[in-house]
Amino acid sequence: MHIDWWTLCLQAINVLVLVWILSRFFFKPVAAIVAERRAAIAQALEDARKARVQAEAEQEKAQQAAAAIAASHADVLKKAELEAKAETDAILGSARAAADKLREAAAADIARKRQSDAAALADQASRLAADIAGKLLSRLPDESRITGFVPGLAQGLSELPETVRRGVGAHGAPLRLKAARALTEAETEACHTELSKALGRPVDILVEVAPELIAGLEIDMPHAVVRNNFRADLARIAAALIAPGAKQPELPQSGQEAR
Amino acid sequence: MNSPLTLTPLFHLGPVPVTTPVAVTWVIMLVLGVAFYLATRRLQRIPSTAQAILETVVSAIDSQIAETMQADPARYRALIGTIFLYVLAANWTSLIPGVEPPTAHIETDAALALIVFFATIVYGIRALGLLGYLKTFAEPSWVMIPLNLVEQISRNFSLMVRLFGNVMSGVFIIGIILSLAGLLVPIPLMALDILTGAVQAYIFAILACVFIGAAISETAPSRKISSPNTSH
């Protein structure tokens, strides 16, 4: 086997020259542009990473701001809720107070109205009772309108305080005696006797006719009145009925009233 | 057809005879140089189709170097890439009628193997230092020194003979069939030669990577090299 050493040397030189040529015109430029592109891509990735980090920071900031706004919103809502509740309570309180006042006023009006109605009713009833009593008494004997009332009247007079009794018929002044009708002489005498006995001294009486008494008598003094008649009884019964929590009134024998 | 074992000078440059492989190599150098010069004149960041192909080639070479040598491919790219492209171009010149590939002559393959041999030594000394590189021959034991020295020569010799045998045999077969059968019959074998040429170029470049990679590492070359099966 023959080897051409010239050819071998030339080929070795050729290959080394080709190494230089390809390195100069192929490998270095292409590798450089690839490296440049990789660097650009790396730079772009780095920029993108920075932008992402910045965007994440901005997003976090925005989330914090949103959270702060939400918290502030919640605080404002809570505060407004508390204020609204307080205002509602105040309005409700004032409304309740006003309603209570109105209710009390209405209750007072109702009570007054009821009282006036009851008074009117009692007055009407007393008038009716007086009419009834008058009509019923018209069927009884006429002396029953006077005779039965004399002892009670005398008892009422005797129960007056001593100072009042002492002034009755003093200085010769007659005792004013009202009667439901004109008294007969016998009745006048009976009254004179009983009243003198009650006072413990004789006393003059001056009889006045007062049909509104219906039946009975009444002594009219400057400082006191002694009643023993149907009118007074009816008035007492009506007053007892009108009074709140009134019980069934008892019919009194006679009554005194100081002036 | 001339025997590939003999070379006839085409002309002489003074005392230097210029043979066919040298002339064909010059043509290949001219074509590759001009083509790559034109192709890389206006490289842009957004590549054209041609630029994308060139970048793909360079990236593939870089990837193979990095995987084989476990090192930065920039330092070895020019040598390994040029060996690959030159062997590939030289092998494929057999497709041109009347042109014998330079790699079908032992002188070209020997030149390539010698370059790889010296590159192995240069890169090994540069990486480990002279003493460090020489120490790798005494691993795992000083007894292995003769074997490692023989291996340094024999593996480059096998590199040379492998390429020569494969390409030369392809040329021979096509020549014989062409002389016996006719014009169109060798076409399938020529198509096969395309594949064979590419495979041989790849194997030569990868083995060069393996040899250099073993030299720049700190362990014995014989323990690191795992040559692929390259029989044709």
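The values are calculated or read from the model by the stated rules, or taken from the named source; none is laboratory data. In this text the structure is predicted, and so the values were computed from the model without any measurement. When we count neighbours, we look across all protein chains shown, and the Cβ atoms used for this are built from the backbone with ideal geometry, even at glycine. Accessible surface is based on the protein model in full, side chains and every heavy atom, while ligands, DNA and RNA are left aside. Shrake-Rupley method; radii C 1.70, N 1.55, O 1.52, S 1.80 Å.
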### Task
Give the residue, chosen from A:76, A:17, that is free of Cβ contacts under 8 Å to residues at least 12 places away in the same chain and within 8 Å of another protein chain (Cβ to nearest Cβ).
A:17
## Note on the structure
The lone condition residue A:165 fails out of (1) of a type outside the set (Gly, Ala, Ser); (2) open to solvent by 70 Å² or more (accessible area, probe 1.4 Å); (3) over 20 Å from residue A:215 (Cβ atoms) is (2)
### Task
State yes or no: is residue A:57 at negative phi, surrounded by 10 or more Cβ atoms within 10 Å (Cβ to Cβ) and more than 7 Å from every other protein chain (Cβ to nearest Cβ)?
yes
### Query
Which of the residues spanning region B:68-93 are more than 22 Å from residue B:194 (Cβ to Cβ) and either touching a residue at least 12 places away in the same chain (Cβ under 8 Å) or open to solvent by 50 Å² or more (accessible area, probe 1.4 Å) (or both)?
B:68, B:69, B:70, B:71, B:72, B:73, B:74, B:75, B:76, B:77, B:79
### Summary
Going through region A:203-220 in order, the residues found to be in a strand (DSSP E or B) and open to solvent by 10 Å² or more (accessible area, probe 1.4 Å) are A:205, A:206, A:207, A:208, A:209, A:218, A:220
### Task
Considering each residue of region B:153-182, count those that are over 20 Å from residue B:194 (Cα atoms), within 17 Å of the chain's Cα centre (by Cα) and either hydrophobic (A, V, I, L, M, F, W, C) or surrounded by fewer than 20 Cβ atoms within 10 Å (Cβ to Cβ) (or both), and give that number.
4
### Message
Looking at A:28, A:79, can you tell me which residue is surrounded by fewer than 12 Cβ atoms within 10 Å (Cβ to Cβ) and assigned to a helix (DSSP H, G or I)?
### Response
A:79
### Summary
Those helices (runs of 4 or more DSSP H) completely within region B:129-232 that have 1 or more residues that are hydrophobic (A, V, I, L, M, F, W, C) and modelled with pLDDT under 90 are B:145-180, B:187-216
### Task
Could you look through region B:94-110, keep only residues that are part of a helix (DSSP H, G or I) and away from chain A (no Cβ under 14 Å), and pick out the one that is most open to solvent (accessible area, probe 1.4 Å)?
B:95
### Summary
Looking across region B:11-40 at residues that are part of a helix (DSSP H, G or I) and open to solvent by 60 Å² or more (accessible area, probe 1.4 Å), the single one that is nearest to the other protein chains (Cβ to nearest Cβ) is B:37
### Search result, residues across region A:129-145 that are without any contact (Cβ under 8 Å) to a residue 60 or more places away in the chain, part of a helix (DSSP H, G or I) and over 56 Å from the mean Cα position of the chain (by Cα)
A:142, A:143
